[in-house]
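First the structure, in the form of structure tokens, and then the observations on it.
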Amino acid sequence: MTPRLPDREEFRHALELVLARAQTYLSEVDELPVRQAGADEAAHHFRGPLPEVGDGASAAIRELLDQGSPSVIASSGPRFFHFVIGGVTPAALAADWMASIFDQVAGAWVTSPLAVQLELTSIEWLKQLFGLAPDCSGIMTSGAMMANFTGLTAARQWWGMQHDVDIATDGFAGLPKVPVFSSGYLHASSIKALAMLGIGRAQAQLLQVDAVGRLDLDALEEALRALDGAPAILIANAGEVNAGDFDPLPEMADLAQRYGAWLHVDGAFGLFAAVSPRSAHLVRGIERADSVTVDGHKWLNVPYDCGFSFVRDATLLARPLTLRADYLPDPEGKDAPLSNRAPESSRRARSLTVWATLRAYGRAGVRTQVERHLDLAQRMAQAVDRSAILERLAEVPLNIVCFRCNPGGLDEPALDALNSRLGAALIEDGRVFAGLTRYGGRVALRPAIVNWRTRPEDIDLLIEVLQELAASLIEEYQRSGSEAP
């Protein structure tokens with residue numbers, strides 16, 4: 001059998017197939033269910049052995065479109081409220097196609113002047129947008145996980161230098177454990193980063209005053225004082241994932257300055273509070289942080305995946321992350337690769353999408369989008385408060401509404417069971433998506449609003465579907481007379 005090889009003539013037909021389907025999808029996604037019936041079965045179509053001889057690009061793309069589309073989760077649509085994931089603006093989508101077509105190696109000027117310049121420009125624009133310190137440096141990453149890893153890499157290097165040790169060269173041998181302090185809002189990505197960095201998950205000491213996770217400032221100061229001048233890392237959380245709450249950044253910055261600690265701020269989506277006068281108070285003091293992270297594929301609405309890490313002292317990244325080889329550009333030269341400030345040496349040209357969306361919509365466009373979502377979050381909160389069977393569990397400072405079903409007459413274990421079933425039913429139903437969490441020990445829903453497509457009617461549909469599904473579960477419980485739904 002003659003093997004099939006890539007052919008230049010395949011491009012036109014394969015891209016035409018994708019363009020036609022893209023136009024259909026984008027025109028329909030506002031009204032599509034988030035999850036279609038039979039999604040799992042459709043995905044299982046792609047099981048099987050590697051073919052010995054391929055069918056060519058057009059056949060492969062046609063199969064992917066025809067058989068794969070039913071299993072696509074419409075996370076880019078307006079009714080996906082799960083995981084705090086935004087949609088994709090038209091400018092960002094077009095630029096993302098360009099990034100794939102041009103396939104730039106975005107690590108160094110020599111391989112892509114365009115990608116590097118757009119990244120440098122976008123980082124400066126983002127610093128202005130968020131009100132970060134003008135002298136800090138930034139780098140694009142794959143998302144909040146690697147952004148936190150990058151910021152905490154700089155923190156680890158700084159911590160070692162306080163002990164007169166270059167950890168990038170000599171490692172941790174002979175050093176004490178790294179003290180890390182945070183509130184109960186600490187995100188799993190920061191804990192994972194601590195594990196990856198060799199600091200250790202167990203080193204994160206969570207100082208909280210309640211079951212929700214709010215920071216115990218007095219306990220934090222006591223812990224820092226007990227170190228007797230030894231360095232420590234503080235991780236502040238700007239927008240925690242269950243209710244969108246914020247750690248007290250000014251007070252944490254004061255303590256970091258007073259006791260000589262490093263302040264890292266995880267602002268994956270909460271940093272966008274800075275763009276509106278209505279919410280900017282939530283991130284007051286952010287400019288005093290030593291490192292800050294934020295996602296692009298959340299509120300900036302650029303394609304998945306994209307994140308940013310900002311560090312006040314870029315040399316703390318260069319020491320551990322510089323890649324040296326005879327064939328690579330001079331790391332000390334004027335065109336030192338951006339990849340020497342990032343964990344990944346192989347870097348996609350994400351800068352095209354970021355620059356394009358910032359250039360297309362500007363500061364005012366981002367601010368207006370954030371403020372629309374603040375309004376929609378309040379609309380959702382008011383609908384929950386009006387409902388006879390829904391109970392809001394937290395204030396709504398930003399864009400997440402945390403609530404549960406509570407028809408009355410059920411104890412906490414029964415309520416947890418009811419809400420667990422409600423969350424599963426919502427995903428199975430597929431018309432809208434929102435995820436479950438535990439808030440203060442209670443099973444709850446936590447829809448997040450970050451997609452530019454989301455409209456008031458999408459908020460109303462979420463509440464309508466939840467009440468419909470909840471009423472059915474409650475009726476089933478009452479009919480069965482069981483102790484738990």
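Annotations
- Selection count where residues are under 17 Å from S76 (Cα atoms) and of a type outside the set (K, R), scope the range 12-50: 17
- Hits in the range 125-136 - residues which are surrounded by fewer than 18 Cβ atoms within 10 Å (Cβ to Cβ) and either farther than 17 Å from V302 by Cα or not assigned by TED's automatic domain parsing to the domain that holds A193 (or both): Q128, G131, A133, P134, D135
- From the list P331, P320, the one residue that fits, being modelled with pLDDT of 95 or more, in the same structural domain as W158 (by TED's automatic domain parsing) and farther than 28 Å from A273 by Cα, is P320.
- E395 being of a type outside the set (A, V, I, L, M) and closer than 16 Å to L469 by Cβ: no
- Just one of (1) buried (at least 23 other Cβ atoms within 10 Å of the Cβ); (2) under 20 Å from V302 (Cα atoms); (3) in contact with a strand residue (DSSP E or B) (Cβ under 9 Å, 6 or more places away or on another chain) fails for A92. It is (3).
- Selection of the range 268-277 for residues being in contact with a helix residue (DSSP H, G or I) (Cβ under 6 Å, 6 or more places away or on another chain) and either in a loop (DSSP other than H, G, I, E, B) or without any contact (Cβ under 8 Å) to a residue 40 or more places away in the chain (or both) yields A268, S276.
- Qualifying residue in the range 205-222 (condition: crowded, with 22+ Cβ neighbours inside 10 Å, over 21 Å from the mean Cα position of the chain (by Cα) and in contact (Cβ under 8 Å) with a residue 12 or more places away in the chain): yes
- Considering residues of the range 363-392 that are of a type in the set (D, E) and closer than 21 Å to A470 by Cβ only, the residue surrounded by the fewest Cβ atoms within 10 Å (Cβ to Cβ): D385
- Residues in the range 25-41 include at least one that is surrounded by 12 or more Cβ atoms within 10 Å (Cβ to Cβ) and among the hydroxyl-bearing types (S, T, Y).
- Of the residues I139, I167, I199, the single one that is under 15 Å from V292 (Cβ atoms) and crowded, with 21+ Cβ neighbours inside 10 Å is I139.
- Among the residues making up the range 287-340, a single one is assigned to a loop (DSSP other than H, G, I, E, B), touching a residue at least 40 places away in the same chain (Cβ under 8 Å) and among the β-branched types (V, I, T): V302.
- Qualifying position, being in contact with a helix residue (DSSP H, G or I) (Cβ under 6 Å, 6 or more places away or on another chain), in contact (Cβ under 8 Å) with a residue 40 or more places away in the chain and within 20 Å of W159 (Cα to Cα), among L234, L227: L234
- Pair list, Cβ < 6 Å and 6+ apart or interchain, from the range 244-267 residues that are farther than 29 Å from I400 by Cα to residues that are in a helix (DSSP H, G or I): Y259/L224
- Here the helices (runs of 4 or more DSSP H) wholly within the range 151-234 that include at least 2 residues being charged (D, E, K, R) and modelled with pLDDT of 95 or more are 217-226.
- Helices (runs of 4 or more DSSP H) contained in the range 1-86 and holding at least 1 residues of a type in the set (V, I, T) and out of contact with any His (no Cβ under 6 Å at 6 or more places or on another chain): 10-28, 57-68
- Residues of the range 54-71 that turn out to be aliphatic (A, V, I, L, M) and either without any contact (Cβ under 8 Å) to a residue 40 or more places away in the chain or farther than 19 Å from A39 by Cα (or both), as a count: 4
- Screening I459 against (1) under 16 Å from V84 (Cα atoms); (2) out of contact with any Lys or Arg (no Cβ under 8 Å at 6 or more places or on another chain) leaves a single unmet condition, (2).
The values are calculated or read from the model by the stated rules, or taken from the named source; none is laboratory data. Since the structure is predicted, the reported quantities are computational estimates derived from the model, not experimental observations. Positions of Cβ are backbone-derived with ideal geometry, glycine not excepted, and every protein chain shown enters the neighbour counts.
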